[in-house]
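Peer 1: What follows is a single structure, and I will ask about it in a moment.
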Amino acid sequence: MKNVNLFKNEESREIPPLAVRVRPKRLSQFVGQKHVLGEGKLLHALINQGQIPSMVLWGPSGCGKTSLGHVIANELKIPSFFLSAVNIGVREVREIVRKAKAGKVLLFLDEFHRFNRLQQDTFLPYVENGRIVLIGATTENPSFEIIKPLLSRMEVIKLNPLSEEEIFEILRRAKDDPELKKHGIEIDDEILFRIAELSEGDARRALNVLELSHILAKDKKAERIGTATVMEAYQTKAKIYDKKGDMHYGLVSAFIKSMRGSDPDAALYWLMRMVEAGEDPLFIARRMVIFASEDIGCADPYALQLAISAKEAFEFVGVPEGYLALAHACIYLSLCEKSNSVYLAMKEAQRDARELPQYEVPLHLRTAPTKLMRDLNYGKGYLYPHDFEGAIVDQSYMPPELEGRKYYRPSDRGYEIKLKRFLEKVEKIISEARSGNRGKKAD
């Protein structure tokens, strides 16, 4: 089958995509990101004064990172190189640096997070001495993907997804593109706004849908673009999800916080967002097992059992029915009484175990399987609780240096109320024993 280039006109001249053709050239033409580019904002002032530092533009696809790079390059009026980290290496970077000897250059690198640590090290001296204005564009959290020495020398500019209104404005301007207008195909504002709604904050996706809609309408010899044509151009949206990136951490964080906040509907939504995006279901199950101990603990001892059962059920049943077990556990964990007493107790005990001296185990708590150990008084004086009424006896189980230390403090929620009452009972019996005798022997 013969390959056809959809982006050629009648004279077979290569035509750049619409997103490239309508790219803004000046700051006044840029749409969106008012939180950094509005009047009085830092980046707006830096661009106007031509004092651009090296920076990381961090934001989702189609939010204007590359367009902003071109605007900055046009405003600075210095030699500029626009490259992608996907297809260049250190050699190409050094060649650009060699060219920079004649003066400062701007180097815009898309997909900047794809450079490894050694490659990123290459930029350090040139960013430090100002020979290169480095602008790295990334969809990933710079905290995880960019080495700290380089990140400390660059401004991080967080860009947001564009609003539907902002994308609508971009589309209204783009429909006047000469390549689109020459075919005389009309499109109403209502249809443009529908494209903006479908784009989910991604201007590039919106412009691609607009251009493909024109191609489809032209092929059908239609005079006007309607919803059906737009939906055909749009097709099924791809789920954008990096299992090691910012969205991964954002979704699981929202999931955990929704369960912690006892909102089963929100928790279920974030759960299905992860499932639909292709997250490893066992990762989700592991997070629920952790949650059952960290955020519920003894307030509902059954929660941990249910979380583990959900994990085992998923492994046994598989997809798609296995997702029911995850949803089951998600809803139950959301509606449990919450307590972080187990987590706090563990962290306090862990801190003491790490930071305090390694105190000796008291002799009465040591086991004595040999005569030598018995001769050394191992186990001597140990009181077997089952020999006493209620299986409670006044006896110390801590090193003397930590006598009286408390880690576990049960809440007044759920099953922990019962545990709290038992602790109070133990403390009362021991207190009474100390005021009289060591406790009554069981009959």
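What follows draws every value from the coordinates through simple rules; no lab data is involved. In this text, all values refer to a predicted model and were calculated from it rather than measured experimentally. Note: ideal-geometry Cβ built from the backbone for every residue, glycine included; neighbour counts use all protein chains shown.
Peer 1: Given the Cα-Cα distance of Glu190 and Lys77 and 0.36 nm per residue of separation, how much length would full extension add, in nm?
Peer 2: Details: separation 113, 0.36 × 113 = 40.68 nm, distance 3.91 nm.
Gain on stretching Glu190 to Lys77: 36.8 nm.
Peer 1: Note down the Stokes-Einstein diffusion coefficient of the stretch 363-443 in µm²/s, whole number, using a Kirkwood radius over alpha carbon pairs, 37 °C, and 0.692 mPa s.
Peer 2: Numbers: Rh = 14.7 Å.
It diffuses with D of about 223 µm²/s by this estimate.
Peer 1: On to the next question. Using Cα-Cα distances under 8 Å and only pairs 6 or more residues apart, what relative contact order does the chain have, in percent?
Peer 2: Values: 587 pairs, mean separation 47.5, N = 443.
So the answer I get is 11 percent.
Peer 1: Relative to the longest principal axis of the C-alpha atoms of the chain, give the angle of the C-alpha long axis of helix 164-174, reported between 0 and 90° and rounded to the nearest 10°.
Peer 2: 20
Peer 1: Another question, if that's okay. Within the stretch 360-435, what is the number of lysine pairs with alpha carbons under 30 Å apart, leaving out pairs fewer than eight places apart on the same chain?
Peer 2: 10
Peer 1: Taking the alpha-carbon centroid of each part, what is the distance from the stretch 260-294 to the stretch 175-230 in angstrom?
Peer 2: 38
Peer 1: Distance in nm between label sites at Met231 and Asp387, each 7 Å beyond Cα in the beta-carbon direction?
Peer 2: 8.2
Peer 1: Where does the stretch 138-281 land on Rg/Rh, using Cα atoms and the Kirkwood Rh? Let's see the in-between values first.
Peer 2: Numbers: Rg = 19.6 Å, Rh = 18.0 Å.
Ratio of gyration radius to Kirkwood radius for the stretch 138-281: 1.09.
Peer 1: Of the listed pairs Lys34/Lys221; Lys175/Lys220; Lys34/Lys220; Lys34/Lys338, which have alpha-carbon separations greater than 29 Å here? It would help to have the intermediate numbers written out before the result.
Peer 2: Values: Lys34/Lys221 40 Å; Lys175/Lys220 19 Å; Lys34/Lys220 40 Å; Lys34/Lys338 41 Å.
Over 29 Å Cα-Cα: Lys34/Lys221; Lys34/Lys220; Lys34/Lys338.
Peer 1: Starting from the Cα-Cα distance between Lys148 and Asp176, subtract it from 0.36 nm times their residue separation and give me the gain in nm to one decimal. Provide the component values of the computation, followed by the final result.
Peer 2: Details: separation 28, 0.36 × 28 = 10.08 nm, distance 4.46 nm.
Separation in residues times 0.36 nm, less the Cα-Cα distance, equals 5.6 nm.
Peer 1: Starting from the Kirkwood Rh over alpha-carbon pairs, what translational D in µm² s⁻¹ does the stretch 33-158 have by Stokes-Einstein at 37 °C and 0.692 mPa s? The partial results should precede the final answer.
Peer 2: Values: Rh = 14.6 Å.
Result for D is 225 µm²/s.
Peer 1: Still on this model: Give me the percent relative contact order of the stretch 305-385, please, defined on Cα pairs under 8 angstrom at least 6 residues apart. Please list the in-between numbers first.
Peer 2: Working: 38 pairs, mean separation 13.2, N = 81.
This gives 16 percent for the stretch 305-385.
Peer 1: Now for a separate question. Mind listing the long-range amide H neighbours of Ser84? Cut-off is under 5 Å, sequence gap 5 or more, other chains count too, H placed in the peptide plane at 1.01 Å from N.
Peer 2: Counting only residues 5 or more places away or on other chains, the set is Asp110.
Peer 1: Just to check, using Stokes-Einstein with a Kirkwood Rh over alpha carbon pairs, what's the diffusion coefficient of the chain at 10 °C and 1.306 mPa s in µm²/s? Working shown, then result.
Peer 2: Working: Rh = 28.0 Å.
Estimated diffusion coefficient is 57 µm²/s.
Peer 1: Please check: in the Gaussian network model of the chain (C-alpha springs, under 10 Å), which one of Tyr126, Tyr343, Tyr378 has the largest mean-square fluctuation.
Peer 2: Evaluated over the chain, the most mobile residue of the options is Tyr378.
Peer 1: May I ask for the angle, rounded to the nearest 10°, between helix 322-334 and the longest principal axis of the chain, with both axes built from Cα atoms and the value confined to 0 to 90°?
Peer 2: For helix 322-334, the angle is close to 60 degrees.
Peer 1: Can you list the HN-Hα couplings for the stretch 187-194, worked out from phi with the Karplus curve (6.51, -1.76, 1.60; θ = phi - 60°), rounded to whole Hz and with x for Gly and Pro?
Peer 2: 8, 7, 4, 4, 6, 4, 5, 5
Peer 1: Restricting to the chain, compute how many DSSP beta bridges are antiparallel as a %, nearest 5. The partial results should precede the final answer.
Peer 2: Values: 2 of 22 bridges.
Bridges in the chain that DSSP calls antiparallel: roughly 10 percent.
Peer 1: Moving to a separate point now. Can you give me the pair-distance distribution of the stretch 305-352, C-alpha pairs, 5 Å bins, whole percents?
Peer 2: Percent of pairs per bin, in order: 5, 20, 19, 14, 13, 13, 9, 5, 2, 0.
Peer 1: What full-extension length gain, to one decimal in nm, is calculated for Arg117 and Lys347 as 0.36 nm per residue of separation minus the Cα-Cα distance? Could the numbers behind the result be given before it?
Peer 2: Working: separation 230, 0.36 × 230 = 82.80 nm, distance 3.38 nm.
The Arg117-Lys347 span can extend by a further 79.4 nm.
Peer 1: Right, next: I need the Kirkwood Rh of the stretch 165-234: take the reciprocal of the average 1/r across all distinct C-alpha pairs and report it in angstrom. Intermediate results must be reported in sequence, preceding the final value.
Peer 2: Numbers: mean 1/r = 0.0860 Å⁻¹.
Evaluated on the stretch 165-234, it is 11.6 Å.
Peer 1: Averaged over all directions, how much area does the convex hull of the C-alpha atoms of the stretch 246-334 cover when projected, in nm²? All intermediate terms of the calculation are to be shown ahead of the outcome.
Peer 2: Details: hull surface 19.5 nm².
The number I arrive at for the stretch 246-334 is 4.9 nm².
Peer 1: With axes computed from alpha carbons, what is the tilt in degrees of helix 416-435 against the longest principal axis of the chain, rounded to the nearest 10 within 0 to 90?
Peer 2: Between the helix axis and the principal axis of the chain, the angle is about 30 degrees.
Peer 1: If I build a Gaussian network model for the chain, linking alpha-carbon pairs within less than 10 angstrom, which residue out of Leu124, Leu268, Leu68 has the largest mean-square fluctuation?
Peer 2: Highest fluctuation among the options: Leu124.
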